[in-house]
1. Using Cα centres only, tell me the gap between segment 455-494 and segment 77-115 in whole Å.
2. Dividing the Cα radius of gyration by the Kirkwood radius, what Rg/Rh value follows for segment 282-338?
3. Accessible area of segment 30-98 with a 1.4 Å probe: how many percent of it is carbon plus sulfur?
4. For Ser456, tell me the accessible area in Å² from a 1.4 Å probe, rounded to the nearest 10.
5. Based on the Cα gyration tensor of segment 54-208, what are the three equivalent ellipsoid semi-axes, each the root of five times an eigenvalue, rounded to whole Å and given largest first?
6. Per residue, how much accessible area does the chain show when a 1.4 Å probe rolls over the protein heavy atoms, in square angstrom?
7. Find, to one decimal place in angstroms, the Kirkwood hydrodynamic radius of segment 214-315, where the mean of 1/r is taken over every pair of different Cα atoms and then inverted.
8. From the backbone phi of segment 515-532, what are the Karplus-calculated ³J(HN,Hα) couplings (6.51 cos²θ - 1.76 cosθ + 1.60, θ = phi - 60°) in whole Hz, Gly and Pro given as x?
Amino acid sequence: MKYLLAIILWAIVPTAAWAADAGIATAHPLATTAAKETLAKGGNAFDAAITAAAALAVVELYGSGLGGGGFWLLHRAEDGFETMLDGRETAPAAATRDMYLDTTGEPIPNASLEGPLAAGIPGVPAALDYLASHYGKLPLRESLAPAIQLAREGFPVDKAMRRHLAFRQELLRKYPETSRILLPAGKLPDIGDTIRQPELAQTLELLAEKGRAGFYAGEFAEQMVAAVKAAGGIWSLDDLKNYRVKEREPIRGEYHGIKVTTAAPPSSGGIVLLEMLNMLSAYDLPKAAAAQRTHWQVETMRRAYRDRAEYLGDPDFVAIPTQRLLGADHAARLRASIQDDKATPSADLKPVAPGVSGRGMNTTHFSILDKDGNRVAATLSINYPFGSGFMPKGSGVLLNNEMDDFSIRPGTPNVYGLVGAEANAIEPGKRMLSSMTPTFLEDGKRIAILGTPGGSRIITMLLLGTQAFANGENASRIVNRRRFHHQYLPDSIQYEPEALDADTLFELESMGHSLSPQDDAWGNMQAVILDKQTGTVDAASDGRGIGQAATVAY
Ligand code: DON
């Protein structure tokens, strides 16, 4: 009887009525600690998300920051309201469709990747202000305080920072302001050396005092625009003034009784994830042998990524046939073209130019749940490690190179090997298509808050994560499972060391799949999982990164 009553109560009482544990998982221990402090001060998950994003902008500056953009998937416990804050960068008004092509129509090497011409108008500062004023409880002054302190007093170089600095030092050396801060005396800092960012501390203070106006208007904005223009960029003051955060209705679907709430366009993540899940739901995966299961997964990846290339872009600029793409008919039609024992060459689906493979542990994701049941899944980025490498003098802000996420020419792959067409062509004010996929999963027993960086591979990581959740796996197993990936083009299965065993690889090859083993692991998944019955929380940070998960019992 007591049990029955509990079930009825669960169905009618929002999570807020239950004192549950809190959980945080971010890509850096200092960001996890900072977010925990904000919860301890009485902030909610939304305040803690502001703290985490700002702290990551300081200590993981190669992945995200004030000069970038991102998506925050929110769940408000008191009324169950869910939304996605879209703080994605926009193309400047002076941007043109062919701005990265030379007079013969060929892409100019690195033009969409290096320097201020590669930078979209940042969305993160506006989104932090928006999050504080619409959803948070604390003033920005309080939620930004830990990040200001980390920027001013400094933090020790860790192995991930050192590795990323080494990887991109050639780019960083091109920009004096960037190398002054990140390569002191022209040298790569050692692990344990302190990186101080007094200019970034000042910029964060401006944001804390004046909200978005501190970044997008006044003297700060004027100086930033002047520096961008002097270095060959095309930003204007109006671009900054006109930047707006948008709220988007999340993409929703279901997979084997699991409610999936995920990223909406201008991210491709939610639609591609659900297309794959919709196709896969008809197969009995747990019963299938590993090679058969992997084959089906790969074939659904191939088909969903093909749709990505054709249909997806900024919904304010292009009409996306979302209903059709997510419909059962579409899944059935695509599934009918899958042969159980034979790979379908991508070229048979639709011819587009070949691509290169992506890398990836930059960009960042964090997952936060507070004791009242508010949730945040946020994936934030400046795109490639250290973004464009360019830092406007005096700002401490590394600008993104997110313009590369546009399709700079139909069929020409971006840095992650993704191709696109008309829907993702450059237009003034338009948001470039993303793969970032912050996601909530919920079944009868558990709620998961999940996401990861990893460029084009983000969406297939979420697919594997969702399936691991469906198998009842815990947070640690979900974030640490070995990964494989297919993205339509290039037409090969990429896989991490030890992701697929020798027999499986042999069988996949005999079905006609081409195999592309990768030396490096990829992704940096962060998961927080609430047990709905007990109110306990299980959280984990991907072992591939240096992040940390924490739970707080109430
Ligand atoms: O928005 C996107 O899809 C990319 N800019 C994300 C980049 C990323 O995840 C890099 N991490 N490896």
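The values are calculated or read from the model by the stated rules, or taken from the named source; none is laboratory data. The structure displayed is predicted, hence computed values, not measured ones. Using ideal geometry, Cβ is built from the backbone for each residue, glycine included, and neighbour counts are taken over all protein chains shown. Heads up: the accessible areas ignore ligands, DNA and RNA and are worked out on the full protein's heavy atoms, side chains in. Shrake-Rupley method; radii C 1.70, N 1.55, O 1.52, S 1.80 Å.
1. 26
2. Here Rg/Rh amounts to 1.07.
3. Within segment 30-98, the accessible surface is 52 percent carbon and sulfur.
4. Approximately 0 Å² of Ser456 is accessible to the 1.4 Å probe.
5. Value: 29, 25, 13 Å, ordered largest first.
6. Here the residues of the chain average 36 Å² of exposed surface.
7. Hydrodynamic radius (Kirkwood, Cα only) of segment 214-315 equals 17.1 Å.
8. After applying 6.51 cos²θ - 1.76 cosθ + 1.60, I find 10, 10, x, 10, 6, 9, 6, 9, x, 7, 6, 10, 10, 10, 10, 9, 7, 5 Hz.
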